[in-house]
Structure formats: structure tokens, C-alpha cells
């Protein structure tokens, strides 16, 4: 659950998230890291970039999971990313998830997870860690909306959250 990577396809602003996930897998009690984000920059997909960054930090490739096709339009939103991750948990019998996300995304990320869990017959214990205070500035992210934290916050408040409500992602009980 991330911001976008740098325009040249490198980790850029998601380095803090990748580092946190790698540390969790290497010694913090997590068994795997799951990345699912379809954003592209510098000819690379963010999920693949994050997977490669995690492996570069010493995590075994078999402990890093991404979708078979990370650019799949079905994984197009925070809600769909949560569904993907919960499906991985179900398939492996995992009972807890640590969601690592950029601090401004976190409320929406947790809301999406709560909806996904409320709609599912498979339940996990949800934990979270906010990171990424240094992920803004010109040329840092491939998404121009991240050039300033206030612009990104406005995007979250006036576009992302209302879209989540309009598309029914925050409605419980379906």
C-alpha cells in the first residue's frame, strides 16, 4: 500500500515502505511481504520494483509475493489491493497482516481493509505501520500529485475518499 515510485522507475519515495517490510520479514516476525500496485514509471511496475528492492535488502525471493500480472487492471485500487492480499492470506492460511503504507494513505488503506474483511468469511488480525514522511517533492515521485503533501492530502480528501464512497468500497455487508 504505497505512494508511487520515482519517475526513473527506482524506489524513490517507497524506499521507506520497502525497508520496513524487509525488516519485518528478516527479523520482525513477518513471514512474507506482499506488494500489489499497478503504477508504472521508468518502464517498470511498482510491485516489481518493490519486490526487487526487498530482495536486494536480503529477503529471499520466495518470501516476496506480487500478483502474477502486476499491471492487471483488476488490482486498480487500494480496495482491490486489500482483496488481493487477503486472498494470498487465505491461500496460505495466514491469520495476521501488517499493512505498511504511506502516512497520508493510511486512513483510506485501513478503511478499505475493514470493508474487505467485513465482506469476507476469512478473517485476519490487522496491524498497521505508517511510514513515508519524506516522500514528497519535485522529481521524487512518478505521480505529480505527490509533489507537495498538501496537494496529495487534497487529492485524498476530495478525490480518493469520495471515489471510494461512490464506488461502494466503504459500504459494509455485501
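We did not get these values from a lab; they are worked out from the coordinates using the rules stated. What you see is a predicted model; the values in this text were computed from it and never measured. Because the Cβ atoms are built from the backbone with ideal geometry, glycine has one as well, and the counts that use them run over all protein chains shown.
Taking label points 7 Å from Cα along the Cα-to-Cβ direction, residue 158 and residue 19 give a separation of 3.3 nm. Sorting the segments 90-97, 18-25 by their mean number of nearby beta carbons within 10 angstrom, highest to lowest, gives 18-25, 90-97.
Computed packing ranks the peptides 82-88, 46-52 as 46-52, 82-88, most packed first, by mean other Cβ atoms within 10 Å.
Modelled spin-label separation between residue 90 and residue 120, with each label point placed 7 Å from Cα along the Cα-to-Cβ direction: 0.8 nm.
Over the C-alpha atoms of region 77-136, the Rg to Rh ratio, Rh being the Kirkwood estimate, stands at 0.99.
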